[in-house]
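Just so it is clear, none of the values below were taken in a lab; they were calculated from the coordinates. All values derive from a computational prediction rather than experimental measurement. Using ideal geometry, Cβ is built from the backbone for each residue, glycine included, and neighbour counts are taken over all protein chains shown.
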2 protein chains.
Amino acid sequence: MRLPANVNWSFMTRPTHTNQSPLKELSLGAIVELLRANGMRITKNRMQILDTLLRASKPLSLDEIQRRARVAGDAPDYATVFRVMTLLESLQIAQKVHLNRPCSYYELVNPQQHYDHIICTECGRVTLMIDSCPVERVERKIGKQYGFSEIRHSLEFFGKCPECT
Amino acid sequence: MRLPANVNWSFMTRPTHTNQSPLKELSLGAIVELLRANGMRITKNRMQILDTLLRASKPLSLDEIQRRARVAGDAPDYATVFRVMTLLESLQIAQKVHLNRPCSYYELVNPQQHYDHIICTECGRVTLMIDSCPVERVERKIGKQYGFSEIRHSLEFFGKCPECT
DNA sequence: ATACATGCAAACATTTTGCTTTGGC
DNA sequence: GCCAAAGCAAAATGTTTGCATGTAT
């Protein structure tokens, strides 16, 4: 059952930067403050990427983030987008979402609100579930029953959306 | 909100082979029968891969499937493993599981039983949740509230397992 | 002035495909 | 014998890194 020990699994969720001050609300100001508090510099690229993520109504791929972060024909390098997203992920400001596609999609984590996704298997449209999360209660049960701690989850629904039916 | 129309999303879940007879139980016999019913040939490679998947107690990567399907020093080609898994996926006999790792992991779909996963963020160990699925009720709600049909879901929990705590 | 962030290019890992040969039916 | 499946090799895709240069602090 145990996977190979020589594999480094830590990159999955463990922050590479110790994040002492968790995000209080999902706003540009709060994020900038948190970056500063962690010794990160506020650059034009980072502002444009954060602005893009805040405007997005669905998870974005690195490619989409790069294209949307373009200002006056000037887009950040792909590697920069990658590094910024890796950074935001490690600070638990952003997270990956699994859409059953060959590349990764990212969204900002809203500490106030948890949303799960419904992905149309026909057109790929992503709908956010605004309902209260159906599994939060289960997380507590897992802690007790299986002895896990620091539990997070990833939940996606797939189906045919009304327009594709 | 709508994603680019020129993208082909269908590969995500839509079977490429029309599967007329859904699996009744998760056994080698039932799967072979289903393959035959869909005009697929029964080969040594396919038998070894199916046997591997049936024995597995956790989702396996293509690489792991190939290594485990080895019989007398003779392993199926990696491309063959890939094609067989794509086939099984399209017939909805197998499915991908997202473990937040750079490659895909597969498991057989048990029509009798649905299991969700708990993945340790430290050691990568995968635990199956044998409890009744916490979100089946939600699926019905999504049908009504959002108008989706043919709803499936993917649910993974992440946390520190007892031994890693 | 210093150290972090960036752009560019190259390396890497994984997935996917083309094509010829093999083998199930 | 026919056509699907397999093996091999190469291409395509997406992710990640090294290093020289730029820039926030």
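Of note:
- Segment A:114-165: C-alpha gyration tensor shape, a/c 1.5 cut-off, then a/b vs b/c: prolate
- Shielding by partners for peptide B:70-81, expressed as the average number of C-beta atoms from other protein chains within 10 Å of each residue's C-beta, is 0.
- Whole-Å distance, taken between Cα centres, linking segment A:75-154 and segment B:61-131: 22 Å
- A crude spin-label estimate for the pair residue A:26 and residue B:32, with each label 7 Å from Cα along the Cβ direction, gives 5.1 nm.
- Packing-based order for B:105-111, A:117-123, A:66-72, using average beta carbon neighbours within 10 Å, highest first: A:117-123, B:105-111, A:66-72
- Label point of residue B:137 (7 Å along Cα→beta-carbon): distances to the other copies' equivalent points are 0.5 nm, sorted ascending.
- Förster-model FRET efficiency, 30 Å R0, residue A:82 and residue A:150, C-beta, rounded to 0.05: 0.70
- Each other copy places its own label point for residue B:77 at 3.9 nm from this one, sorted shortest first, where the point lies 7 Å along the Cα-to-beta carbon line.
- Inter-copy separations for residue B:101, label at 7 Å along Cα-Cβ, nm, ascending: 2.4
- Overall form of the protein assembly as shown per C-alpha gyration tensor (a/c, 1.5; a/b vs b/c): prolate
- Ratio of Rg to Rh for segment A:21-109: 0.94 [Cα atoms; Kirkwood radius as inverse mean 1/r over pairs].
- Rounded, prolate or oblate (a/c below 1.5 giving rounded, otherwise prolate when a/b exceeds b/c) for chain A by Cα gyration tensor: oblate
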